[in-house]
Amino acid sequence: MPASELRLLSAHACFGGVQSFHAHASQACAGEMRFSVYLPPQASHHPVPVLTYLAGLTCTEETFMIKAGAQQWAAEHGVMLVAPDTSPRNTGIADEAKDWDFGAGAGFYVDATQAPWSAHYRMFSYVTEELPALLAQHFPGDFARAGIFGHSMGGHGALVCALRNRGQYKSVSAFAPIAAPTQCAWGEKGFSGYLGADRAAWAAYDASELMKKAHTPFPGGILVDQGESDKFLSDGQLHPELFEAACAAAHQPLELRRHAGYDHGYYFISSFMRDHIAFHARQLGAQAS
């Protein structure tokens, strides 16, 4: 299958639009990659803004579309949703699926530089370059009006992709992001495996470190939601306070909302999904139904 071709896996009517799942041969990841797309009803009449969601550890291209309840709000605001898989799969790398927090399902949205991962685990390039180009060929998205958001590992990925591609993404938000991966166990494990021992190289994929070098990169603001009963918050994996401090130093408007009683899962995410879709729709100039 040539890299520009898609294989349709399934399609479903949903809130007046179409939910579909696809596979294709990826050049960035040197193998098959999968992603999902929700086209709102407005897309049958004109190009619509594009909002990419990056999922967290162990998730696939299906998780967000099945669990988040986002399609109803995307249909209301006229926004196309995209959700790629969280890593390459079945690459032949030994022990690729051994750990739940490294390897398959845990690409951390970086371009790996260390063998054997560097041959396939190039999720940063996949998300920011290859996938948008592919989508532009096959779907009625207005890629001049693109936003990005995500959860946990995907929240980390969304913040990093946006901060490193400010001209490409006009809006960014996150649910319980791994906001300072160079200072938590998940990040140290993933980055040392994918990027090597030189911690200086890790900063390119740390949203808090990137924000320290910026100055109001997103004048319209950044939205972050965090559950206060999130076990990974108390375990020191997320560090929203470090991203909050970095935003303050960078004069970056940030709405960091802390929610009592909410944990790390999709019950939390779905509770505030309406707010995130509306946040992006405003910044992307979406046309409501």
**Request:** Answer with yes or no whether residue 162 is touching a strand residue (DSSP E or B) at 6+ places or on another chain (Cβ under 9 Å), more than 22 Å from residue 60 (Cβ to Cβ) and not β-branched (Val, Ile, Thr).
**Result:** yes
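Closer than 30 Å to residue 93 by Cα, of a type in the set (Phe, Trp, Tyr) and in contact with an Asp or Glu (Cβ under 7 Å, 6 or more places away or on another chain): is that true of residue 186 in this structure?
When the stated conditions are applied, residue 186 passes them.
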**Lone qualifier among 106, 112, 74 - being over 28 Å from residue 38 (Cβ atoms) and open to solvent by less than 20 Å² (accessible area, probe 1.4 Å)** = 112
**Prompt:** Out of all the residues in the stretch 149-189, which are in a helix (DSSP H, G or I) and open to solvent by 10 Å² or more (accessible area, probe 1.4 Å)?
**Reply:** 163, 164, 182, 183, 185, 186, 188, 189
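Could you list all residues from the stretch 190-216 that are more than 25 Å from residue 86 (Cβ to Cβ) and open to solvent by 20 Å² or more (accessible area, probe 1.4 Å)?
If the condition is that a residue be more than 25 Å from residue 86 (Cβ to Cβ) and open to solvent by 20 Å² or more (accessible area, probe 1.4 Å), then 200, 212, 213, 215, 216 are the ones that fit.
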**Asked** Would it be correct to say that residue 223 is touching a helix residue (DSSP H, G or I) at 6+ places or on another chain (Cβ under 9 Å), closer than 30 Å to residue 46 by Cα, buried (at least 22 other Cβ atoms within 10 Å of the Cβ) and of a type outside the set (Ser, Thr, Tyr)?
**Response** yes
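Has the stretch 125-147 got at least one residue that is in contact with a Cys (Cβ under 7 Å, 6 or more places away or on another chain), more than 25 Å from residue 285 (Cβ to Cβ) and in a strand (DSSP E or B)?
In the first step, residues of the stretch 125-147 are kept if they are in contact with a Cys (Cβ under 7 Å, 6 or more places away or on another chain); the result is 126-128.
Okay, now just the ones that are also more than 25 Å from residue 285 (Cβ to Cβ), so 126.
Then keep just the ones that are in a strand (DSSP E or B); that gives none.
The answer is no, given that none of the residues of the stretch 125-147 is in contact with a Cys (Cβ under 7 Å, 6 or more places away or on another chain), more than 25 Å from residue 285 (Cβ to Cβ) and in a strand (DSSP E or B).
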**Prompt:** Out of the residues in the stretch 248-266 that are in contact with an Asp or Glu (Cβ under 8 Å, 6 or more places away or on another chain) and crowded, with 17+ Cβ neighbours inside 10 Å, which is nearest to residue 211 (Cα to Cα)?
**Reply:** 254
**Prompt:** Taking the stretch 78-102 as the region of interest, how many residues are crowded, with 16+ Cβ neighbours inside 10 Å and free of Cβ contacts under 8 Å to residues at least 24 places away in the same chain?
**Reply:** 1
**Request:** Among the residues of the stretch 12-47, write down those that are over 19 Å from the mean Cα position of the chain (by Cα), in a strand (DSSP E or B) and crowded, with 21+ Cβ neighbours inside 10 Å.
**Result:** 17
**Message:** Filter the stretch 48-67 down to the residues that are open to solvent by 40 Å² or more (accessible area, probe 1.4 Å) and among the hydrophobic types (A, V, I, L, M, F, W, C) and list them by number.
**Reply:** 66
**Complete:** Selection from the stretch 258-279 of residues under 25 Å from residue 166 (Cα atoms), touching a helix residue (DSSP H, G or I) at 6+ places or on another chain (Cβ under 8 Å) and not hydrophobic (A, V, I, L, M, F, W, C) yields 274
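The values are calculated or read from the model by the stated rules, or taken from the named source; none is laboratory data. This one's a predicted model, so the numbers in the text were calculated from it and none came from an experiment. Counting neighbours? That spans all protein chains shown, and the Cβs are built from the backbone with ideal geometry, glycine included. Heavy atoms of the whole protein, side chains included, go into the accessibility calculation; ligands, DNA and RNA do not. Shrake-Rupley method; radii C 1.70, N 1.55, O 1.52, S 1.80 Å.
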